[in-house]
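Here, each number is a calculation from the coordinates, and none is a lab measurement. The model shown is predicted, which means the values in this text are computed figures rather than measured ones. When we count neighbours, we look across all protein chains shown, and the Cβ atoms used for this are built from the backbone with ideal geometry, even at glycine.
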Amino acid sequence: MMYTTDFFNKRPAHRPAMRGREVQRVNSSLFAVIMMLAVLIPSGMQAQAPATYYNSAYGKSGKALKTELHEIIKSGYVTKSYDFLYTIYEESDTRPDGKLWDMYSTCTWTHGQKKCGNYSTVCDCYNREHSIPQSWFNERSPMVSDAHHIYPTDGRVNGQRGNDPFGECANGTTLTNGLGRSGSSTFPGYSGRVFEPVDEYKGDFARTYFYFVTRYEDLMSTFSTSSTSFSGNAYPSLNSWSIALFLKWHRQDPVSEKEIVRNNAVYKHQKNRNAFIDHPILAEHIWGTLQGSAWDVTGVETPAELLARVNYNANERSMMVAADLGELSYEVVNISGVRLLSGTLLGGDAVSMGSLKPGVYFFRANADTLKAVKKFIVQ
């Protein structure tokens with residue numbers, strides 16, 4: 001399967017955004033926030049969630065909204081064994097080339113092979129990374145085997161991260177073939193040691209934390225708050241610096257097709273979903289700029305109407321922009337944000353990506369105030 005992701009939004013704060021959005025019709029004072037967070041989700045990828053899954057949360061905001069989401073994603077939850085995670089990964093964490101998806105390293109893994117075990121260097125083996133460290137919740141069930149927050153990752157980088165919270169650091173240590181770095185926090189509000197994932201996956205981890213503190217709202221007072229991201233209460237559940245950090249990551253790295261596929265796969269087995277992947281705007285209603293504003297999903301533009309506007313043809317290695325966008329400018333950047341291609345085109349024209357080496361790229365098209373960004377993979 002070739003994964004591509006789409007979204008239309010205002011210009012992100014510091015790097016190319018990656019992903020899909022749903023567009024809310026709201027008053028102009030909130031428009032920029034909504035456009036930053038709205039997610040385009042292909043209709044076929046939403047099919048596994050019941051149409052009424054979130055209905056009881058409509059009209060709520062802040063603490064009440066978080067509690068209602070807690071009830072929704074807790075109800076019907078099916079606990080799976082820790083070993084069963086490897087089975088879930090075959091559906092939830094498979095890259096376009098069929099290999100296992102690892103957010104901690106550049107290693108190539110085959111499902112079921114080179115599972116940890118012992119390791120000494122990056123790429124020795126992969127294991128199961130609790131993005132919320134087990135020590136924070138005393139290794140209790142069902143948290144210990146909840147696939148929504150446990151990812152397949154390189155064992156050595158997992159060990160480097162240890163029990164450190166996610167954060168941002170300068171001049172940290174990055175292991176050879178590893179992704180992310182460890183070092184002293186440079187994010188306001190915390191000065192301890194942190195692990196900073198690469199930009200491509202920061203939003204993934206932010207939405208994972210939003211899920212976790214919502215799913216386990218009733219247990220938050222029992223979880224550790226020492227050198228963690230937690231505040232020790234049902235609401236807001238996260239401490240102030242973590243809220244600021246994760247909202248920043250959530251806004252700058254919108255939902256990807258990778259997350260959508262994973263959310264559906266985990267739902268198939270656990271019977272619950274990550275609401276912040278399905279509806280990213282929820283984070284703003286609970287912790288961000290829309291607190292006090294009731295969540296309402298009416299007036300959402302049909303994803304299919306937007307999804308067709310920008311398409312990457314992997315066979316021809318070209319990008320096509322729909323004719324209805326008119327004249328626009330474009331640029332292609334790599335995962336580090338370095339611009340490799342740029343120019344202007346008319347909607348309906350194709351732009352060749354044939355000069356690019358295999359890797360992950362972002363195509364950014366600008367038409368007036370509308371911005372389309374597509375993440376694509378050259379193989």
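Taking LYS248 as the anchor, which lysines have their alpha carbon closer than 18 Å to its alpha carbon, excluding any fewer than eight residues away along the same chain?
Straight-distance partners of LYS248: LYS10, LYS202.
Which semi-axes, in whole Å and largest first, does the equivalent ellipsoid of the range 81-253 have when worked out from the alpha carbon gyration tensor as the square roots of 5 times its eigenvalues?
25, 19, 14
Stretched out fully, how many nm does the piece from THR121 to ALA170 gain, at 0.36 nm a residue minus the Cα gap?
Net length gain for the segment: 15.3 nm.
Is there a quick way to get the dipole size of the range 81-253? I mean about its Cα centre, with the Cβ of Lys and Arg at +1 and of Asp and Glu at -1; what is the value in debye to the nearest 20?
The calculation lands at about 280 debye.
Collect residues whose amide H, placed 1.01 Å from N in the peptide plane, falls under 5 Å from the amide H of PHE230; neighbours closer than 5 in sequence don't count.
ASN239
Could you go through the range 100-113 in sequence order and give the Karplus-derived ³J(HN,Hα) for each residue, using 6.51 cos²θ - 1.76 cosθ + 1.60 with θ = phi - 60°, rounded to whole Hz, and x for Gly and Pro?
6, 8, 10, 8, 10, 7, 9, 5, 10, 10, 9, 3, x, 10
Once amide H atoms are built 1.01 Å from N in the peptide plane, which residues 5 or more positions from LYS115, or in another chain, come under 5 Å H to H?
Long-range HN contacts for LYS115: TYR126.
Excluding same-chain residues fewer than 8 positions from LYS115, which aspartates and glutamates have a Cα within less than 13 Å of its Cα?
Filter leaves ASP83, ASP102, ASP124, GLU129, ASP154.
Do you know the relative contact order of the range 97-188, to the nearest whole percent, from alpha carbon pairs under 8 angstrom that are 6+ apart?
30 percent
Sequence neighbours fewer than 8 away in the same chain don't count; with that in mind, list the lysines whose C-alpha is under 20 Å from LYS271.
By straight Cα distance, LYS271 reaches LYS66, LYS74, LYS80, LYS258.
HN-Hα J couplings of the range 164-169 from phi, Karplus 6.51/-1.76/1.60, θ = phi - 60°, integer Hz, Gly and Pro as x?
5, x, 6, x, 10, 9
Report the label-to-label distance for ARG339 and ALA51 in nanometres (one decimal), using points 7 Å from each Cα along the Cα→Cβ vector.
About 4.6 nm separates the two model spin labels.
Calculate the FRET efficiency for ALA322 and ASN233 from the Cβ-Cβ distance with a Förster distance of 41 Å, rounded to the nearest 0.05.
For ALA322 and ASN233, the calculated efficiency is 0.30.
Give or take rounding to whole Å, what are the principal axis extents of the alpha carbon atoms in the range 117-173, in descending order?
Result for the range 117-173: principal-axis Cα extents of 34, 28, 17 Å.
Give me VAL351, VAL310, VAL122 sorted ascending by neighbouring Cβ count inside 10 Å, so fewest comes first.
VAL351, VAL122, VAL310
Label GLN379 and SER226 with points 7 Å out from Cα along Cα→Cβ: what is the distance between them in nm?
4.8 nm
Can you give me the distance in nm between label points at THR108 and VAL360, each placed 7 Å from the Cα along the Cα-to-Cβ direction?
1.7 nm
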